[in-house]
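To keep things clear, I will list the structure first and then write my remarks on it.
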Amino acid sequence: MLGGTRRPIAPLLLTLVLATTGCSSPNETNSAAPEGSRGPAAATPAPGSSLAIALDKLDPNSRALAGLIDTDEIVDARLDTGDPVNVLRDVRAGGGTAHLVSDTIVLTRAPFSVVLAALGRIDVGGGSIAEDLSAKRRIAAAPPSVAVPSSGTPYVEGDFRVDGAAISIPAFRLEPMIGALRGSIVTFDGRPYASLSFDGGCQPDACRLTAMGLIDGAAPQTPDFWVVRAAAVNNWLPTGDPRDRELRAIPRSLQRAAEWIARSEPAVAKRIATYSLISGFGWTPGDPVLIRIEYVRDCPAAVAPVGSRLADDMVCRDTLGVLVDVRAGAVVDVVEAKGRV
């Protein structure tokens, strides 16, 4: 921890709506996005509008992400087009970068408004987007204002269905494992997951049941993972180990708020600036919920130092974890690991 104590941000922290925290383009642009695309593109556009036509060309995950990001944020995009030359020209004129990877595919990094304008072209048939995860991506000049929930256990007295036909666990083993799972699942906002799926199976002497849940407002493909195990060695008593869980289902608005707080601390921002990418976000249950931002960079040395732990791809990486209390507007802890993933 830097300084050894919690560091509050100025009282003005919770004054402006988080919608103002979207990333701006590295270059100012006057490119015209489809009508109605200001701010997040989540609102259902009028059928047949230019915005509706543009959004309908995105794949499902990209469409979900489009509802969570502001149009001035930078995105990485793939555009499928029959007129790549003019698409390249328009994207570059809008302040983005673009290059042709085939006769019909353009890859670009540009403000989302510029990508939306390109998607609105009649000669663009489809596309996909991914958010910019650069460690130093733009944040707002003004602090965010967000409601921070308390985590909770929505399934202790609630219920969920597990399709036994899709799970390779005998029913007499599955039922007690489902009961243990109900008691162990904690969600970021204390509400049932917006989507919940299951996987599981058995070996001769052990069974494993996994739940994957996503909450409203979370970025696509960032679910929580909860695991319950039962084994002969403990008389088939279902148990959950905190080391098995992975909690990443966080409203993107709160991710961005945590990022703003972290980078508004001069000492923390200085350390973040030495990293290249955001590798992910995680959360810790409680009241308030704490959000962890994970940064990564390749090791400065060309060869990993002796004794370094390498990634699965055998690349040496340093990591930086910043734990944030968004409700208090404070960085709680900073942990750096050299030569790790």
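The values are calculated or read from the model by the stated rules, or taken from the named source; none is laboratory data. These numbers come from a predicted model, not from an experiment. Cβ coordinates were reconstructed from backbone atoms using ideal geometry, including for glycine residues, and neighbour counts include every protein chain displayed.
A compact table of results
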| item | result |
| --- | --- |
| Those residues of segment 250-272 which are part of a loop (DSSP other than H, G, I, E, B) and among the acidic types (Asp, Glu), in sequence order | GLU265 |
| Matching residues, segment 200-219, being surrounded by 16 or more Cβ atoms within 10 Å (Cβ to Cβ) and either in contact (Cβ under 8 Å) with a residue 24 or more places away in the chain or at positive phi (or both) | GLY200, CYS202, CYS207, LEU209, ALA211, GLY213, LEU214, ILE215, GLY217, ALA218, ALA219 |
| Residue in segment 54-77 that is over 23 Å from PRO251 (Cα atoms), outside any loop (DSSP other than H, G, I, E, B), at pLDDT 90 or above and out of contact with any helix residue (DSSP H, G or I) (no Cβ under 9 Å at 6 or more places or on another chain) present | no |
| In segment 231-249, residue surrounded by the most Cβ atoms within 10 Å (Cβ to Cβ) [restricted to those that are within 31 Å of the chain's Cα centre (by Cα), not in a loop (DSSP other than H, G, I, E, B) and not charged (D, E, K, R)] | THR239 |
| Scan of segment 163-192 for residues that are within 20 Å of ASP244 (Cα to Cα) and aliphatic (A, V, I, L, M), ordered by number | ILE167, ILE169, LEU174, MET177, ILE178, ALA180, LEU181, ILE185, VAL186 |
